[in-house]
1. Quick check for me: using +1 on Lys/Arg Cβ and -1 on Asp/Glu Cβ, what's the dipole size of the chain about its Cα centre, in debye to the nearest 20?
2. Name the residues of the stretch 182-205 whose amide N is less than 11 Å from a point 7 angstrom out from the Cα of residue 168 along the C-beta direction?
3. Report, in deg cm²/dmol and to the nearest 500, the calculated mean residue ellipticity at 222 nm for the chain, where each DSSP H run with n ≥ 4 adds -39500 (n - 2.57) and the sum is divided by the residue count.
4. Could you list, in their original order, any pairs among 45/79; 70/129; 86/205; 43/141 whose Cα atoms are separated by more than 26 Å?
5. Considering amide H positions built from the backbone, and no H for Pro or chain starts, which residues 5 or more places from residue 157, or on another chain, come under 5 Å of its amide H?
6. In the Gaussian network model of the chain, springs joining C-alpha atoms below 10 Å, which of 86, 43, 70 carries the largest mean-square fluctuation?
7. Just to verify a number: FRET efficiency for residue 224 and residue 67, C-beta to C-beta distance, R0 = 41 Å, to 0.05?
8. State, to one decimal in nm, how far the label point of residue 92 lies from the label point of residue 128, with both points 7 Å from Cα in the Cβ direction.
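Every number here is computed from the coordinates shown, using simple stated rules; none is lab data. A quick note: this is a predicted structure, and the numbers were derived from the prediction, not measured. Every residue, glycine among them, receives a Cβ derived from its backbone with ideal geometry; neighbour counts consider all protein chains shown.
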Amino acid sequence: MMTENLQTLFDQAQHITFMTGAGVSTASGIPDYRSKSGLYSAKFKGLPPEYLLSHDCFVQQPEMFYDFVKENLYFPDAKPNVIHEKIAALCQSGRASLITQNIDNLDRTAGNDQVVEFHGNLYRCYCSKDGEQVDWHDYMKSMYHDTDHGIIRPDIVLYGESISESALQRSMAAIEAADLLVIVGTSFKVYPFAGLINYRQPNAKLVVVNNEPIPAGSVTAQYSGDAETFFAGLKG
Ligand SMILES: [Zn+2]
């Protein structure tokens, strides 16, 4: 249930910046890959996702990387839920910004063309040999680019790779612009994402919508229930 106090914080905000994580998309049927059981199948030899999604794995074991990504990360039939939709409406009206860790494209599907995709997007793919864009449908059929046999990859930030400069700049601008920051569905332990909060205005308020407390310093209000329920009750 949305409390009056929380609604007031939203109503009084000049600019809201949302920071979202995997918990926003679980209601759309996208599991957090860290908890997916398929991970422990013999095929992946019990290797941790931090390796399977690393630059090293992509370079040294590209076939294993491809199998893992294809089987565990792509959910093309998933639909945005009320969280994506409410945030998209606020962003499109200019009242809010969104920085997401999610790579599932659901914010864009919900109509949000302002989103900062901090870790990239699975549905943008390119050939690592010639840099050419490749349709993700083609990537699902083969990991090799048909014109030059280069290895295709999704445009996501792998472990061991850096966040793009433009994503960092846009994120910092969004954080600095906010008088209300809302962190949703993330344990807030992944850096540099979690470090973005250090760029907030000294008087910016901070609301956390997550089922467990997060290490984010001075929190104005925490909502510990279901994020979908919270956003369904949010007006305006
Ligand atoms: Zn190519």
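1. On the way: 18 positive and 28 negative charges, 102 e Å.
So the dipole magnitude of the chain works out to roughly 480 debye.
2. Taking a point 7 Å out along Cα→Cβ of residue 168, the residues of the stretch 182-205 whose backbone N falls under 11 Å are 192.
3. Numbers: 9 runs with 71 residues, N = 236.
When only DSSP H runs of four or more count, the value is -8000 deg cm²/dmol.
4. Working: 45/79 31 Å; 70/129 20 Å; 86/205 20 Å; 43/141 19 Å.
Beyond 26 Å between Cα atoms: 45/79.
5. HN-HN under 5 Å from residue 157: 120.
6. Looking only at 86, 43, 70, the largest GNM fluctuation is found for 43.
7. On the way: r = 37 Å, r/R0 = 0.91.
E(calc), rounded to 0.05, equals 0.65.
8. In this crude label model, residue 92 to residue 128 measures out at 3.7 nm.
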